[in-house]
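The values are calculated or read from the model by the stated rules, or taken from the named source; none is laboratory data. For clarity, every value in this text was computed on a predicted model and none was experimentally measured. Methodologically, a virtual Cβ is constructed for each residue, glycine included, from the backbone with ideal geometry; neighbour enumeration extends over all protein chains shown. Quick note on the areas: whole protein, heavy atoms, side chains included, nothing else; ligands and nucleic acids left out. Shrake-Rupley method; radii C 1.70, N 1.55, O 1.52, S 1.80 Å.
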Amino acid sequence: MGTALVVAVAALHAVGAKQIHTFAGPWDVWLERADTCYEDDERLPLKFSHYNPNKKFVPQTWSGLVNISRAVDDSWWVKAPLSIRSNNQWKENAFVFVWPTKGCTSARDITPPCLKQFFTKAGAPCLLKQQVIQFRNTTMKLEFPKVPHLVYGHYRLELSAGPKNEKSEYCVNAIVHIIPKV
């Protein structure tokens, strides 16, 4: 039995088979849902297509709109704690990303390429203009080149942002799934 296992591992190595890591590594993300933190805040009526494991290469589509009611610049702060689902409950603050200043530049740097068009170009002072962004079955491939490896799992993101020395202007809760990149 042991010899068969060694031969199988050697054969897989010889043909250049890739191992899919079960804990962390290159990753893809799909959004289950995103809502504002407050029920009376209607700036994010956005829906996402469902993930189909049989069609792993098909990107998600987004429908709805995002209302940026106040322009964001580098005087803003951003906080993004991620809670991970484990043992049928949320483990708070598994990862916490905090940018006390330069919130706009930090967001522009980490944002997937498909969303960078809404920020000013790199090299210019960062600004996310006041606007309404509309998505109509828009294909979105969320890739984060600045974060090459992440622990796989089911996460709750609680993103908040606001001007310096003020409470949060924007607050979004999202349920996301981090899965191995295929």
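Pairs under 6 Å by beta carbon, first residue more than 12 Å from His154 (Cα to Cα) and of a type in the set (Phe, Trp, Tyr) in region 20-46, partner open to solvent by less than 60 Å² (accessible area, probe 1.4 Å) and at pLDDT below 90, six or more apart or different chains?
Trp27/Leu150
Taking interchain pairs and intrachain pairs at least six residues apart, which have beta carbon atoms under 8 angstrom, with the first residue in region 143-170 and under 19 Å from Ile84 (Cβ atoms) and the second open to solvent by 30 Å² or more (accessible area, probe 1.4 Å) and among the charged types (D, E, K, R)?
Partner pairs satisfying both residue conditions: Gly153/Arg85; His154/Arg85; Tyr155/Arg85; Arg156/Arg85; Leu159/Lys79; Ser160/Lys79.
Any residue at all in region 119-129 that is open to solvent by 40 Å² or more (accessible area, probe 1.4 Å) and among the aromatic types (Phe, Trp, Tyr)?
No, region 119-129 has no match at all.
Test Gln89 against the criterion of being in contact with a strand residue (DSSP E or B) (Cβ under 9 Å, 6 or more places away or on another chain) and more than 20 Å from Arg108 (Cα to Cα), and give yes or no.
Judged against the criteria, Gln89 is not a match.
One residue is enough: does region 157-168 have a residue meeting the conditions open to solvent by less than 30 Å² (accessible area, probe 1.4 Å) and touching a helix residue (DSSP H, G or I) at 6+ places or on another chain (Cβ under 6 Å)?
Taking every residue of region 157-168 in turn, at least one turns out to be open to solvent by less than 30 Å² (accessible area, probe 1.4 Å) and touching a helix residue (DSSP H, G or I) at 6+ places or on another chain (Cβ under 6 Å).
Return yes or no: is His154 open to solvent by less than 40 Å² (accessible area, probe 1.4 Å), under 20 Å from Phe57 (Cα atoms) and not in a loop (DSSP other than H, G, I, E, B)?
Judged against the criteria, His154 is not a match.
Does region 139-151 hold any residues that are open to solvent by 40 Å² or more (accessible area, probe 1.4 Å) and either outside any strand (DSSP E or B) or out of contact with any Ser or Thr (no Cβ under 6 Å at 6 or more places or on another chain) (or both), and which are they?
Lys141, Glu143, Phe144, Pro145, Lys146, Pro148, His149
Could you count how many residues in region 94-106 are touching a residue at least 40 places away in the same chain (Cβ under 8 Å) and buried (at least 19 other Cβ atoms within 10 Å of the Cβ)?
1
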